[in-house]
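The values are calculated or read from the model by the stated rules, or taken from the named source; none is laboratory data. Because the structure is predicted, anything quoted here is derived from the model rather than measured. Note: ideal-geometry Cβ built from the backbone for every residue, glycine included; neighbour counts use all protein chains shown. Just so you know, the surface numbers come from the protein's heavy atoms only, side chains and all, with ligands and any DNA or RNA stripped out. Shrake-Rupley method; radii C 1.70, N 1.55, O 1.52, S 1.80 Å.
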Amino acid sequence: QVQLVESGGGLVQAGGSLRLSCAASGRTFGTYAMAWFRQAPGKEREFVVSITYSGSSFDYLDSVKGRFTISRDIAKNTLYLQMNTLKPEDTAVYYCAASSTYYSGRSFRDYDYWGQGTQVTVSS
């Protein structure tokens, strides 16, 4: 099994920045594609961005392109999400997800492991 723990969330004003981290432990050698999802109150879980195992390919939600950056440090078993120019609409619980395959899709069904989430609140 793989355990994922997110951190770095908090309260920030619109236009500000946050960096989320996702620390992975367990059988991480079996973890390939990874992604960030988010879920706002009363809304469905939404795909934000994914990254391939090599870290060379990305898939960003259109609304975060140019503002968010995903990265992966395999040596540290850590996934990051740098969020800049935050907007109130970015407010949500952000979840780290990992797949046991190389497929980095946009559906939550494409991922096998999940963190507990970290709250990001962007005030206007």
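Worth a mention:
- Taken over the Cα atoms of the stretch 1-66, the convex hull encloses 122 Å³ per residue.
- For the listed peptides 35-45, 88-98, a ranking on the average number of other beta carbons within 10 Å per residue, highest first, reads 88-98, 35-45.
- Here the dipole of the chain is about 120 debye; that uses its Cα centre as origin and unit charges on the Cβ of Lys and Arg (positive) and Asp and Glu (negative).
- Surface composition of the stretch 11-109: carbon plus sulfur atoms hold 50% of the accessible area, using a 1.4 angstrom probe and ignoring ligands, DNA and RNA.
- Stretched out straight at 0.36 nm per residue, the stretch from residue 7 to residue 71 would grow longer than its current Cα-Cα span by 21.6 nm.
- For the stretch 5-124, the relative contact order comes to 37 percent (Cα pairs under 8 Å, sequence separation of at least 6).
- Per-residue packing, averaged as other Cβ atoms within 10 Å, sorts the ranges 113-122, 59-68 into the order 113-122, 59-68, beginning with the highest.
- Accessible surface, the chain, averaged per residue in Å² (probe 1.4 Å): 51 Å²
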